[in-house]
Every structure is written in structure tokens, then in C-alpha cells.
Amino acid sequence: GIDAGRVMESAQLRSATVYDVLEKDGLVVAGVSSGHLVIWYPSGEWRRMRVGSAVYCLTLMNDEALLCACDQFVALYSWSTIVSGEINDKPAKHWQIPASQLPTAEANCILWDATKERIFIGAGDGGIYCFDPSRFDACALIASVSSNEMVLDLHLKKNILAAACDDGSIALLDPRKKQAIHKTLSLALNQQRTFCTCVSLDPTANWVTAAGGIEDPTSVSSSSGALATFHVSSGSVAHATSIDAPVRAMASRPDTEKLFLATDIGLQTFDIWGSSTSFTKTSNKNIATQFKGAGQVRSPAVLTLLDDSFCRDRLSHTSKSFSDSDLGYGNGGAEDLGPIPTFLVAGLPATYIDICTPYRHLFSLRHDMPPPY
């Protein structure tokens, strides 16, 4: 007979959004708004796990555990159990965010600090919390960085913790000092109201780049995006620009000084870092129009850089084949970025994840049909 539970689950995933994607040794995990983890194995097989709430962010803790940021709690799953395929819906550990005065204190972003063995959480109440993974009850509010606004992204480099907030602010703080906010910056351009979705410190922690969107008071949606780099110690703006669409995610390659932005209309690439160079758009390929694996165009909300070996290994499990030039080797054109980066791109719907370069869509990982895809 028909499994009604599976039918309902599939319907939920078709209307759900992938909030985050993590890749490790060819294994891909997606956190979904429907309350699922979706896991793709190198063999091409996939599994689903129920987490119990929307999963907003994923990170690995010492390659031993998967941390999932959820509604008012953080769940920890054994990574070896996930890799072996012997998975179940019960996490190994469960941390509750302290009761908030706001109705939603979801854990929007999660960061593992391996040097101090601690977990940072950016929450929906504007707070940054710190967890001791050796204890269930050791949770502390270390800073309230935004009043009644969400913390959407965190990045730690050396002793600087940068937080991107829903009100367009970027908070810089020293996590060694409780409630000590070093500086608050603003993504606002020409006094416009903005929201900041992502933040990244350069390897030296001298520069911080933030991106997001510019709110349009005449529309329910944002029509443009904002991108800016600041000098950390002085807070001065090194570069700032508006871009074609709101930015939902970004990934950087500091070795080549490239910044990749997933926007509502596709992927854009910029030169970044330092005071001597300005933002230079090096690619404006609208790859969103190529995401039609599920019969519809999608707006990317997640952007994850991949190692080239991932694509070559995965292609062996599909019916597709690509030349070296398809994967970016020997491109030699005016927009040659060196070895072309490959990305996992995800968003709505949550039934598949796209693998692409800035120039073309390669293939998709799906979990609404058996492999090969």
C-alpha cells in the first residue's frame, strides 16, 4: 500500500528550503526547513533523518560530530555513525538555548572554535551564546549584539568574532571578554535600511567583508544587495558597493582573493581584501537560470566551495561526463580564475542540490528518486 508518511514527507520537502549544506570526504549533509537532515553518500545513495525542527546551520566538531543549529536548541550527532549509515533520529547530545523574551530564539548560525573547544551560537534574539560541549548545562550569553534582531552569521579569526545581523549591523567582539563588543559597523549605503546575511574575516583578521540586501520601502521584497569591506581596527570603510540583488550566502578563496556571492539572480564573483584594490566584478554569470533540475528556476540560498575531486568522484555515479574544460581547466579566457571553483548550491525546493561552476551547471544530487540521478 501507499506509505502516507512518506508521501507527506516528500510534499513537505518540495515546499521546504535548504538552509545549509556541509561536505566532508565526499559525503554531503543538508539542513532543511522541514526539520530534516538529508545525507548523500559517495556511492550515490541518500538517507533522511528527522531532527524535530528546522535546521538552520551545520558544522563539524573536530571531524567527530555534526552540530545542527535548530529552533531554540543545538543537536549533536556522531559523525562516524552518519558515515557508517547507521543513523537514527535521536541526537547524542542536545543543548537548549536559554528562554528568551522573544517568541523565537532560533539558533541561526553555529561556529566551532577548535582552539578553545567551544561552540558559538548566533540566535534569533540578537544574542551570541557560548556552549561547553563537555557539559549539557554550560550555556552562557556572551553578548547581545542587536536589539530585537537576528544574528544570521558568525566568523571567527584569531581573537575577533564577527557577527552579521538582520538590522544591517556587523558586530566585532573579543570572545575572551563577556559582553565586550569591540566595534559595531553598518552595511547601510546612503542611509538605506539594510540587512546583513553573511560576514567573513580575511586570514589576517585585519579586514572584514559583509554582504546582504537593501530594503525597498515600496516593496515586500528587496530588489538590490549591498557589499562592503571594513578595516577591523579602525572601523573605516575600505570599499562599499550596491549589487544587482540581495546576497544570501558567500564563499571566499583568500588564496586567490576571490569572493563568490549567491544572490537572488545568480552567482557573482568579486576581487576582495586589502586597501589597495576595490571591488571588481570578475564574473556575472546568472547561473540561477540553469537550475531547472526540478522543473523550475531557483534562487540560491546556500553556497559551499568544493574540492575538484568531489565532482570527479560523483560523476562516476551519474550518466554525465565532462571534459577538463567543463570543470574549468585550461579556460584561459579573460575571466580565467585559475582552477575554476566548484560549488554546492541549494535553496528552494529542498528536493535537490545543484553542483555547478561559475560558468555552467554540472549535475544535481536528488533525494526524490533513487540514484543514479
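Which condition breaks for Leu13 when tested against (1) at pLDDT 70 or above; (2) touching a Ser or Thr at 6+ places or on another chain (Cβ under 8 Å)?
(1)
For the stretch 54-67, give me each residue that is more than 13 Å from Pro133 (Cα to Cα) and modelled with pLDDT of 90 or more.
Pass one, the stretch 54-67, residues more than 13 Å from Pro133 (Cα to Cα): 54-59, 63.
Those that are more than 13 Å from Pro133 (Cα to Cα) and modelled with pLDDT of 90 or more: Ala54, Val55, Tyr56, Cys57, Leu58, Thr59.
Restricting to the stretch 31-60, and then to whatever is touching a strand residue (DSSP E or B) at 6+ places or on another chain (Cβ under 8 Å) and at positive phi, can you tell me which residue is surrounded by the most Cβ atoms within 10 Å (Cβ to Cβ)?
Going through the stretch 31-60, the residues touching a strand residue (DSSP E or B) at 6+ places or on another chain (Cβ under 8 Å) turn out to be 31-33, 35-42, 46-60.
Then keep just the ones that are at positive phi; that gives 35, 52.
Numbers: Gly35: 18, Gly52: 16.
Looking at residues that are touching a strand residue (DSSP E or B) at 6+ places or on another chain (Cβ under 8 Å) and at positive phi, I get Gly35.
Could you tell me how many of the residues in the stretch 144-165 are at pLDDT below 90 and within 26 Å of Ile214 (Cα to Cα)?
So the count comes out to 7.
Name the pairs: first residue in the stretch 201-216 and in contact (Cβ under 8 Å) with a residue 40 or more places away in the chain, second residue of a type in the set (D, E, K, R), Cβ to Cβ under 6 Å, at least 6 apart or on different chains?
Leu201/Lys157; Ala205/Lys157; Ala205/Lys158
Are any residues in the stretch 68-94 aliphatic (A, V, I, L, M) and more than 21 Å from the chain's Cα centre (by Cα), and if so, which ones? Quick ask: steps written out before the conclusion?
Restricting attention to the stretch 68-94, the residues satisfying the condition of being aliphatic (A, V, I, L, M) are 69, 74-76, 82-83, 87, 92.
Within the stretch 68-94, Val83, Ile87, Ala92 meet the criteria.
The values are calculated or read from the model by the stated rules, or taken from the named source; none is laboratory data. Everything numeric here is computed off the predicted structure, so don't read it as measured data. Every residue, glycine among them, receives a Cβ derived from its backbone with ideal geometry; neighbour counts consider all protein chains shown.
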